[in-house]
1. Answer with yes or no whether residue 92 is touching a residue at least 24 places away in the same chain (Cβ under 8 Å), surrounded by 15 or more Cβ atoms within 10 Å (Cβ to Cβ), in contact with a helix residue (DSSP H, G or I) (Cβ under 7 Å, 6 or more places away or on another chain) and within 27 Å of residue 74 (Cβ to Cβ).
2. With the requirement that a residue be over 24 Å from residue 142 (Cβ atoms) and assigned to a helix (DSSP H, G or I), what does segment 63-86 give you?
3. Of the residues 96, 89, which is under 23 Å from residue 71 (Cα atoms), in a helix (DSSP H, G or I) and under 14 Å from the mean Cα position of the chain (by Cα)?
4. Of everything in segment 136-171 that's assigned to a loop (DSSP other than H, G, I, E, B) and at pLDDT 90 or above, which residue is farthest from the chain's Cα centre (by Cα)?
5. What's the number of the only condition in (1) touching a strand residue (DSSP E or B) at 6+ places or on another chain (Cβ under 7 Å); (2) crowded, with 21+ Cβ neighbours inside 10 Å that residue 2 fails to meet?
6. Can you report the number of residues in segment 11-27 which are without any contact (Cβ under 8 Å) to a residue 24 or more places away in the chain and part of a loop (DSSP other than H, G, I, E, B)?
7. Quick one: would you say residue 50 is over 15 Å from the mean Cα position of the chain (by Cα), part of a loop (DSSP other than H, G, I, E, B) and either modelled with pLDDT under 95 or under 30 Å from residue 118 (Cα atoms) (or both)?
């Protein structure tokens with residue numbers, strides 16, 4: 001039972017690396033916690049809405065329980081490309097999974113602020129301002145979290161990072 005959590009600011013190429021890892025780990029599952037977050041944002045009435053779905057305890061709880069069940073019942077590696085920057089939320093999710101006996105490799109894909117901003121601009125999907133405004137909080141939060149390993153992710157070529165992650169999870 002193994003979960004590979006790919007953390008990093010928005011634009012750190014978490015999803016790209018997740019898909020590259022899945023190519024190397026063919027039975028791996030990519031799990032996107034944002035799907036539950038999007039559902040919450042759709043379902044919750046305006047007067048209860050948060051600015052960020054991670055603020056909902058239900059988001060953290062439901063993802064933690066579903067990841068635990070999927071890991072234990074499928075026995076397959078699970079890759080989670082998700083920004084998680086609040087230490088207490090990291091404990092609620094990743095700490096819970098580790099206490100349940102699941103090996104969680106929590107990697108940070110570290111990218112400089114200027115590079116993140118350039119990547120977000122290239123996306124052209126309307127997330128630039130939101131992502132830019134969140135960066136100070138995200139970078140500060142990363143300083144509080146203990147990661148399995150931190151990878152500098154400044155290059156467009158992600159091959160080396162994927163190889164390093166595969167090396168680390170098979171030690």
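The values are calculated or read from the model by the stated rules, or taken from the named source; none is laboratory data. Treat the numbers as computed from the prediction; the structure is a model and nothing was measured. Cβ coordinates were reconstructed from backbone atoms using ideal geometry, including for glycine residues, and neighbour counts include every protein chain displayed.
1. Values: touching a residue at least 24 places away in the same chain (Cβ under 8 Å): yes; surrounded by 15 or more Cβ atoms within 10 Å (Cβ to Cβ): yes; in contact with a helix residue (DSSP H, G or I) (Cβ under 7 Å, 6 or more places away or on another chain): yes; within 27 Å of residue 74 (Cβ to Cβ): yes.
So residue 92 fits the description; yes.
2. 65, 66, 68, 69, 70, 71, 72, 73, 74 - these are the residues of segment 63-86 that are over 24 Å from residue 142 (Cβ atoms) and assigned to a helix (DSSP H, G or I).
3. Answer to the check: 89.
4. By that ranking, first place goes to 170.
5. (2)
6. Going through segment 11-27 one residue at a time, the tally reaches 1.
7. Yes; evaluated as a whole, the condition is true for this residue.
Yes/no matrix, rows are residues, columns are (1) surrounded by fewer than 20 Cβ atoms within 10 Å (Cβ to Cβ); (2) within 21 Å of residue 14 (Cα to Cα); (3) touching a helix residue (DSSP H, G or I) at 6+ places or on another chain (Cβ under 8 Å):
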site	(1), (2), (3)
58	yes, no, yes
62	yes, no, yes
65	yes, no, no
74	yes, no, no
78	no, yes, yes
84	no, yes, yes
97	no, yes, yes
106	no, yes, yes
